[in-house]
Amino acid sequence: MSSTCHLPAGSSAGGPYEVLVTPESAGWGYSGLRILTLEAGEAHALTTGDSEFLVLPLRGGCTVTVGGQSFELDGRTDVFASVTDFAYLPRESEALISSADGGMFALPCARTGRGSLPARYGPKEDVPVELRGAGACSRQVNNYCLPGTFEAEQLLVCEVLTPGGNWSSYPPHKHDEARPGVESELEEIYYFQVAGGENAFGYQRVYGTPERPIDVLAEVRSADTVLIPHGWHGPSIAAPGYDLYYLNVMAGPGQDRAWLICDDPAHGWVRSTWDTQDVDDRLPFGEDR
């Protein structure tokens, strides 16, 4: 199962995309992700089809033209420098992404049967930044497109930044059953960047239940992707000396667009230990917020 859920850098490339994950390639129904690099002066035409998208700069900025509107995305120098502004594209849209200076752009997406929302701009000043956990479980979460932070049909998107030596996505948790008020059914994609050069690495764990087994323990490097169709996921481990970034993309069949998780009961007690620990003073990342 690890070989089908862990997609090393370059293994899921397709067409102009360095990463191309579709519901079909993942073997599920809703979540998708594309990673696009543009050289200076290049442009890319994107047809959204039956999915809604974000244009989320990882490095550099761009102009997004859609439906007679143009959104200027200032972007950022890299994922550890700051949050970024972004653009939302509804289903059945034709968009042009152009970059005067070049850059790398994440295009998270979710298949949806609805299309009532307009294309619009998300300023970085409106992105809630949360410092979650404490001690060696301290991490930063950039909440771009979640219930209560930015409206979408099905799509949920956030970033997690973990200082070297810390654990995130911990305690292990899952969201693969529809249990109103308790847990929502969501497919999830993790896309990684690791600071520290070509030898930088981290680890990602995914494991299942007796009824729905899955077993992933992946050494992850920059531009790797991990697919989580179901099961407990976590920890995401940043090796000492190497800060870890991952982009989370989630979507599922629920029409209420909820993000409800439940902890693995074997490890959920860890949360109670954070009350007596300080948040890692290396957080937040960046200097331009």
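The values are calculated or read from the model by the stated rules, or taken from the named source; none is laboratory data. The shown structure was predicted, so the numbers you read here are calculated from the model rather than taken from an experiment. Cβ coordinates were reconstructed from backbone atoms using ideal geometry, including for glycine residues, and neighbour counts include every protein chain displayed. In case anyone asks, the SASA skips ligands and DNA or RNA and just uses the protein heavy atoms, side chains included. Shrake-Rupley method; radii C 1.70, N 1.55, O 1.52, S 1.80 Å.
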Flagged pairs (Cβ under 7 angstrom, 6 or more apart or on separate chains; first in segment 111-131, within 25 Å of residue 187 (Cβ to Cβ); second basic (Lys, Arg) and open to solvent by less than 80 Å² (accessible area, probe 1.4 Å)) are 112/91; 115/91
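Could you check segment 39-52 and list, in sequence order, the residues that are in a loop (DSSP other than H, G, I, E, B) and surrounded by 16 or more Cβ atoms within 10 Å (Cβ to Cβ)?
Going through segment 39-52, the residues in a loop (DSSP other than H, G, I, E, B) turn out to be 39-42, 48-50.
Result: 42, 48.
Of the residues 36, 56, 20, which single one is open to solvent by less than 40 Å² (accessible area, probe 1.4 Å), more than 17 Å from residue 93 (Cα to Cα), at pLDDT 95 or above and not hydroxyl-bearing (Ser, Thr, Tyr)? Steps first, answer last, please.
Numbers: 56 fails: more than 17 Å from residue 93 (Cα to Cα); 20 fails: open to solvent by less than 40 Å² (accessible area, probe 1.4 Å).
Of 36, 56, 20, the one residue that is open to solvent by less than 40 Å² (accessible area, probe 1.4 Å), more than 17 Å from residue 93 (Cα to Cα), at pLDDT 95 or above and not hydroxyl-bearing (Ser, Thr, Tyr) is 36.
Mind checking which residues of segment 23-33 are outside any loop (DSSP other than H, G, I, E, B) and either touching a residue at least 12 places away in the same chain (Cβ under 8 Å) or crowded, with 17+ Cβ neighbours inside 10 Å (or both)? Spell out how you get there, then give the answer.
First, pick out the residues of segment 23-33 that are outside any loop (DSSP other than H, G, I, E, B): 23-26, 31-33.
The answer is 23, 25, 26, 31, 32, 33.
Got a sec? Which strands (runs of 3 or more DSSP E) wholly within segment 53-100 have at least 2 residues that are of a type in the set (Phe, Trp, Tyr)?
Details: elements: 69-76, 86-89, 94-98.
Qualifying strands (runs of 3 or more DSSP E): 86-89.
Considering only segment 247-289, how many residues are more than 30 Å from residue 74 (Cβ to Cβ), of a type in the set (Gly, Ala, Ser), open to solvent by less than 50 Å² (accessible area, probe 1.4 Å) and not in a loop (DSSP other than H, G, I, E, B)?
1
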How many of the residues making up segment 196-218 are under 18 Å from residue 160 (Cβ atoms) and open to solvent by 50 Å² or more (accessible area, probe 1.4 Å)?
4
Is segment 70-82 home to any residue that is open to solvent by 60 Å² or more (accessible area, probe 1.4 Å), over 23 Å from residue 225 (Cα atoms) and touching an Asp or Glu at 6+ places or on another chain (Cβ under 9 Å)?
yes
Would it be correct to say that residue 165 is small (Gly, Ala, Ser), buried (at least 19 other Cβ atoms within 10 Å of the Cβ) and either out of contact with any Pro (no Cβ under 8 Å at 6 or more places or on another chain) or more than 24 Å from residue 231 (Cβ to Cβ) (or both)?
no
